[in-house]
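Have a look at the structure below before the remarks.
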Amino acid sequence: MIYSMTGFGRSRKEGAGYSVNVEMRALNGRQLDISVRLPKNFFEFEDLCRKIISEKLKRGRIDMFVQVESMDVRQKAPRISPDLAGYYWEQLQDIHLKITKSEQPGLEHLLHIPHIYESPEVTVDSEALQLLLKEAVGEALDQVRRMRALEGESLLRDLMERITALTNDLAIVSSRSELVKLEYKNKLEERMKQLLGGSELDENRLVQEVAFIIDRSDINEEIVRLDSHFEQIRNLVSGQKPADGRRLDFLIQELHREANTIGSKTTDLETTQAVVRMKTEIGKLKEQAQNIE
């Protein structure tokens, strides 16, 4: 099972006199990096949001935006300050008396003065809001995980196809390994005959030289390790538990190292061509692994 690291979720919950809107975006990241943006009067809930997210996600850059609105009109609408309204009313009356033939001030004139309004005192029901926020964050997080799982299915298909291609090329490399040894032996014998000018070859010396070259060019260990890594990757990404992206990164690095070693040990054309194809596929695997949680 594979989860990607990209996803999106949105939730709106209402209750206890509040409306809570949560929007969550998940992107690629080497570690779990959580950013929570809350309204200024609700910073106390940041740790709660981080805890909920960290319990469900392991890797990625998580940006969460939270909006909290009171549905109580008394907390939303500005109220008129009687003291300020009385002060400005007196000012209006004084101006009317000083300016002859001016219009008698009325209530509509007073209400046009912005300074008579003041923001209502905000009272927060922390317990009720905490429950509502948990529901909203949980629902948005579930949407993120569903999107991650859906994209993970596509990643899994692509990874398995690339592992199959790598396995096929490894089979070519493996089938060529014994033939390469024989070719080395024949080439060495021919070369030594040319150098000795038709004289009889020292069989023991020839065996030693061949053994030395074969030892330096033997790729059997690399083939066995690559085959083992392929199997580990298959088990990792197709198991019931979510695949560990960090472990997958490590295995892919090992694939690249073993392929490089094979390429440095042989000059056989078919083997070299197979190694080049393998390194290309491993590079694509590495890119895909960057998207896996």
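The values are calculated or read from the model by the stated rules, or taken from the named source; none is laboratory data. On a predicted model such as this, the values are computed, not experimentally measured, just so you know. When we count neighbours, we look across all protein chains shown, and the Cβ atoms used for this are built from the backbone with ideal geometry, even at glycine. Side chains are part of the model used for accessible areas, which takes the heavy atoms of the whole protein and leaves out ligands, DNA and RNA. Shrake-Rupley method; radii C 1.70, N 1.55, O 1.52, S 1.80 Å.
Within straight cross-link reach of residue 101, meaning Cα distance under 20 Å, which aspartates and glutamates are found once same-chain residues fewer than 8 apart are removed? Those aspartates and glutamates meeting the cut-off are 90.
Take 56-66, 24-34 and order them by the average number of nearby Cβ atoms within 10 Å per residue, most first; the result is 56-66, 24-34.
Here the chain exposes an accessible surface that is 51 percent carbon and sulfur, computed with a 1.4 Å probe and the other protein chains kept in place. Residue 115 sits among other residues whose Cβ lies under 14 Å from its own Cβ, and their net charge, with Lys and Arg +1 and Asp and Glu -1, is -2. Charges were assigned to the Cβ only: +1 to each Lys and Arg, -1 to each Asp and Glu. The resulting dipole of the chain about its Cα centre is roughly 200 debye. Against the chain, whose longest principal axis is taken from its Cα atoms, helix 82-98 shows a tilt of about 50°.
Computed on protein heavy atoms with a 1.4 Å probe, the accessible areas place 88, 117 in the order 117, 88, largest first.
Please give every one of the lysines within straight-line cross-link reach of residue 134, meaning a C-alpha to C-alpha distance under 21 Å, and leave out same-chain neighbours fewer than 8 residues apart. Of all the lysines, those that pass the test against residue 134 - Cα under 21 Å, at least 8 places apart if same chain - are 13, 40, 51, 56, 58. Helix 46-56 axis versus longest C-alpha principal axis of the chain: approximately 30°, rounded to the nearest ten. Taking the C-alpha atoms only, the angle from helix 203-217 to the longest principal axis of the chain is near 10 degrees. What you get for segment 1-121, charging only the Cβ of Lys and Arg (+1) and of Asp and Glu (-1), is a dipole of about 1000 debye around the Cα centre. Calculated accessible area for the chain comes out at 61 Å² per residue, all protein chains present (probe 1.4 Å; ligands, DNA, RNA ignored). The Cβ shell under 14 Å around residue 126 holds other residues with a net charge of -4, Lys and Arg each +1, Asp and Glu each -1.
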